Amino acid sequence: MSGIFPKKVNKFVGKTKVMSLNKINIPSCTACDHKKSGVSVFCNLNLHEIENLSEHKRNLFFKKGQLVFSEGNQPHGIFCIYKGKVKIHKMGDEGKDQIVRLAKASNIIGYRSIFNNNTYYASATAIEDTEVCFISKAYIIELIKTNSNLTFSFMNILSEDLKRAEESIIHMAQKHVRERIAEALLLLNEAYGLKDDGKTIDSTLTRREIANIAGTTTETSIRMLSELDKDKIIQLAGKDIRILDMKKLYRTANIFD
């Protein structure tokens with residue numbers, strides 16, 4: 001199952017159409033930088049397990065704006081992001097798209113649904129050209145059954161998911177919109193970091209998507225960002241957002257150490 005799909009051949013993972021191109025150059029799991037740096041969920045696997053994992057993965061490429069998986073579809077495995085950025089988003093009761101999580105290189109997505117035998121609770125969309133490794137549901141479950149360290153790693157991830165969900169509910173109920181917009185920027189900084197200048201958030205999310213994270217309207221998001229720019233907490237430069245005063249941004253978000 002390892003390797004890359006032939007050039008210009010469309011493949012499907014569940015009901016999600018995937019275009020895989022020859023330009024993908026994802027290394028084997030044994031040579032993966034995320035594994036070497038210790039940030040991968042698979043870091044606790046031994047050499048034999050890593051080699052087997054590499055043989056059972058498929059390398060996939062998603063263009064910016066392309067769905068990785070869709071809410072309501074049956075899961076067939078998990079996705080480990082090698083390069084790129086992905087947003088996890090869910091359709092609300094009134095048809096409004098809500099971003100619930102951001103994922104980057106080394107992160108895994110689509111794992112919750114394979115553990116509870118349910119359909120995907122949300123959709124995942126590439127927000128820039130993204131390369132991922134796909135690992136089948138049957139294989140990953142068998143691997144978890146035989147490796148307690150991997151099981152514990154997934155438990156930690158699920159625990160963090162629950163913590164974020166609980167915090168999100170509290171913040172939505174108690175924080176003013178300006179605080180939520182500031183917190184959304186801090187979330188982007190935490191998820192994707194800064195560009196080489198050390199100030200510009202390394203993200204291409206639109207104002208509408210920032211509004212979705214903060215649970216507000218696009219118009220309100222634009223107004224609040226303009227206010228933060230006027231107060232010299234951030235600087236807006238086209239689609240780029242530069243953080244000028246990180247301490248003030250934390251105070252504005254009502255987050256304190």
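The values are calculated or read from the model by the stated rules, or taken from the named source; none is laboratory data. Remember, it's a predicted structure, so these values are computed and weren't measured experimentally. A quick note on method: Cβ atoms are made from the backbone with ideal geometry, for glycine too, and the neighbour counts reach across all protein chains shown.
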If I filter the range 180-226 down to residues being loosely packed, with under 14 Cβ neighbours inside 10 Å and more than 23 Å from Arg164 (Cβ to Cβ), which single residue comes out as nearest to the chain's Cα centre (by Cα)? Lys195
Of all residues in the range 142-194, which are on the phi > 0 side of the Ramachandran plot and in the same structural domain as Cys43 (by TED's automatic domain parsing)? none
Restricting the range 112-143 to residues that are among the β-branched types (Val, Ile, Thr) and buried (at least 19 other Cβ atoms within 10 Å of the Cβ), the one farthest from Ile26 (Cα to Cα) turns out to be Ile114
Can you name every residue in the range 27-47 that is in a loop (DSSP other than H, G, I, E, B), in contact with a helix residue (DSSP H, G or I) (Cβ under 8 Å, 6 or more places away or on another chain) and surrounded by 19 or more Cβ atoms within 10 Å (Cβ to Cβ)? Ser40, Val41, Phe42, Leu45
I'd like to check which strands (runs of 3 or more DSSP E) are fully inside the range 48-163 and have at least 2 residues that are closer than 21 Å to Lys35 by Cα, of a type in the set (D, E, K, R) and touching a strand residue (DSSP E or B) at 6+ places or on another chain (Cβ under 7 Å). 57-62
Just to be sure, is Lys175 among the basic types (Lys, Arg) and modelled with pLDDT of 90 or more? no
Quick one: how many residues across the range 189-218 are closer than 18 Å to Lys90 by Cα, in a helix (DSSP H, G or I) and in contact (Cβ under 8 Å) with a residue 40 or more places away in the chain? 3
